[in-house]
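These notes concern the structure reproduced below.
Values quoted throughout were computed directly from the atomic coordinates according to the rules given, and no laboratory measurement underlies them. Owing to the predicted nature of the structure, the values given are computational and were not obtained by experimental measurement. Positions of Cβ are generated from backbone atoms using ideal geometry, with glycine treated the same way; all protein chains shown enter the neighbour counts.
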Amino acid sequence: MQELKSALKAAVNNLFDVEVEPELTRPEEQFGDFATNIALQLAKQLGKNPREVAEAIVDKLKNLPILTDVQVAGPGFINLKLTDETLAKMAFSATDLPKPNTGQVIVLEHTDPNPFKEFHIGHAYSNTVGVATGRLLEASGAQVHQVSYHGDVGLHIAMAVWAIQKEGFDSESLRQRLLKNIGFYYAKGAQAYHDDPVAKREIEEINKHIYARDNPSINQIYDAGRDGSLKHFEYIYKRLGSKFEKNYFESETAIEGEKIVKEYIGKVFEESDGAIVYDGEKAGLHKRVFITGQGLPTYEAKEIGLAFAKQRDYPDAQKFIVITANEIDDYFRVLITAIKEIDAGLGEKIIHLSHGVVKFPEGKMSSRTGNVKLFSSLEVDIEEALKELYKTDSVDISTVLGAIKYEFLKHRLGSDFIFDVGESISLEGNSGPYLQYAHARARSILKKSRVQSPESIAKDSQLSALGPGERSLARKIGEYPEVVAKASDELMPHHICTYLYELAQSFNSFYEKNRVLDNARQNIRLRLVKAYADVLKNGLNLLNIASPDKM
């Protein structure tokens, strides 16, 4: 709360002639609404007893109009209790979020599915994290450009093209096959590449032709497959409620990346056994190949081309955030270190945000063997589970997607987790459908009241004396801007999930003991219900989850 921080800052400056930026925390409710350890921080600097410093600050704050109580606790903590009116007004304005990142331009890359490969659950996870992160940054005032990057050249493409050649090619049948099972040819080619030396040589030869664009029949297969894959991805993006303003392709970035790597041989890169490598060992990392002995750019070289392409397309960007699974954390450490040696300014702007790997009880996925959990397959699993739970023949897609996205986002980024279908749809636990139902329930209460504008009906006199249940709910609703700020600062959407679940539980406790309709306190309670519903809707929207008015 800015007013309280400003008062603390002014008190410290007036008392001790010291400039500070006070930090406020949320203690347990019985101790107050906010707490600060500012006296403990200042005591050593001032050479004073921390409790003595705290008592001096408390004396300065006692007459602050927004406080009803301020006390020293323990060795020098300060507990602060807001007036009921202040607390209520914070709750009613909770969705008016501050914009600390106004003016910032951020490029956010995520999802990155490869043509000829399946759009599996890992891509859906990255997409969900990326969209939520983008919305958090936009809520903080930043201008966010969401982009995606596709590996449309490389051995995986050659493997798929080889398999298509063996089966016989017809562009229309290929497009239809890609829509039904996009990874079929890649899995078939990958298996042959690892099992058959003849197939391996043939695939490597095809790979060269793909880069050179010098074989009409290979080009025809490649173009049809790439086009069909990208159209399939666009269909899934729309279904997930996401949109990219620009797609980058390895076939384009490879050219620039190769040129940059060669330009910096002897400065950043070095030749080794015919290949061009970056010796990350000098930075405590590991050595990686950027151009192979056959003269082809690796993923690393292509990523360098991508970094410079993004900088050229978005020259005003202060940050380039890249979201991937944590399996390539070491790869990105080497990559960013190399880029810093080429262009320190660009390297400093690149932020690698990694998430964990989604696992299922049956084990880890592998697109090479065809053992992948498709996003479409997970949709079906969730839909069938919801039908059984609700005892119905149909379930709204917003509930299916709400279950999937929330299950992804409620886990702290960075750690692997097992996707639990039962937990993801639970109406009694920490799930998307639970919060969607909580929102619909609150809207139902407001609809039954037949009050058109609950925010305008409560008199100010009612705000100055909240009942215990009303105060607890108002206090929890008012925390929302702080949670959004924390989630945005840390790029951690799970903070929103945790808060929304706790908020719904707080409302349940309130509603069990406090009748809303046909009650002397109806007006103020309707305002609290409206504020609660609005925060739920706002929070779910940040997570890119629908908030239906009825379920």
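Near the amide H of Phe249, within less than 5 Å, lie the amide hydrogens of His150, all on another chain or at least 5 residues away, with H placed in the peptide plane. Working from label points 7 Å from Cα in the Cα-to-Cβ sense, the Ser376 to Ala73 distance is 5.6 nm.
Among the listed pairs Lys166/Lys310; Lys81/Lys448; Lys405/Lys476; Lys246/Lys486, a Cα-Cα separation exceeding 31 Å is found for Lys166/Lys310; Lys81/Lys448. Applied to segment 316-332, the Karplus parametrisation 6.51 cos²θ - 1.76 cosθ + 1.60 on θ = phi - 60° returns per-residue 3J(HN,Hα) values of 8, 5, 8, 9, 10, 8, 10, 9, 9, 6, 6, 5, 10, 4, 5, 4, 6 Hz, with x for Gly and Pro. The amide H of Lys359, built 1.01 Å from its N in the peptide plane, has Phe417, Ile418, Phe419 as neighbours under 5 Å, considering only residues 5 or more places off or on other chains. Helical content alone sets the calculated 222 nm signal of the chain at -18000 deg cm²/dmol, taking -39,500 (n - 2.57) per DSSP H segment of four or more residues and averaging over every residue. Taking 0.36 nm per residue of separation and subtracting the Cα-Cα distance, full extension of the segment from Asp96 to Phe417 would add 112.2 nm.
Farthest toward the positive end of the dipole of the chain, out of Leu386, Ile121, Ala440, is the Cα of Ala440, where the dipole comes from beta carbon charges about the Cα centre. Residue by residue, segment 480-495 carries 3J(HN,Hα) couplings of 3, x, 5, 5, 4, 4, 5, 4, 6, 4, 8, 6, 10, x, 4, 4 Hz when phi is fed to the Karplus relation 6.51 cos²θ - 1.76 cosθ + 1.60 (θ = phi - 60°); x denotes Gly or Pro.
Normalised by the number of residues in segment 378-542, the average gap of Cα pairs under 8 Å and 6 or more apart makes the relative contact order 25 percent. If I take all pairs of Cα atoms in segment 378-542, what percentage of them are more than 20 Å from each other? Summing the P(r) tail past 20 Å for segment 378-542 gives 55 percent.
The value given for the chain is a Kirkwood hydrodynamic radius of 26.7 Å, derived from the mean inverse Cα-Cα separation. If you average 1/r over every pair of different alpha-carbon atoms in segment 2-82 and take one over that average, what Kirkwood value in Å do you get? Kirkwood hydrodynamic radius for segment 2-82: 12.3 Å. Label point 7 Å out from Gln2 along Cα-to-Cβ: which residues of segment 73-116 have amide N under 13 Å? Residues 96-102 qualify, since their backbone N sits under 13 Å from the label point. Taking label points 7 Å from Cα along the Cα-to-Cβ direction, Gln294 and Gln165 give a separation of 1.2 nm. Under the 0.36 nm per residue contour assumption, what length would be gained going from the current alpha-carbon distance of Ala465 and Asp393 to full extension? Result for the pair: 21.1 nm of gain on full extension. Each Cα pair under 8 Å and six or more residues apart adds its separation to the average, and for the chain the resulting relative contact order is 16 percent.
Distance between the modelled labels on Glu204 and Ala325, one decimal in nanometres: 2.7 nm (7 Å Cα→Cβ projection).
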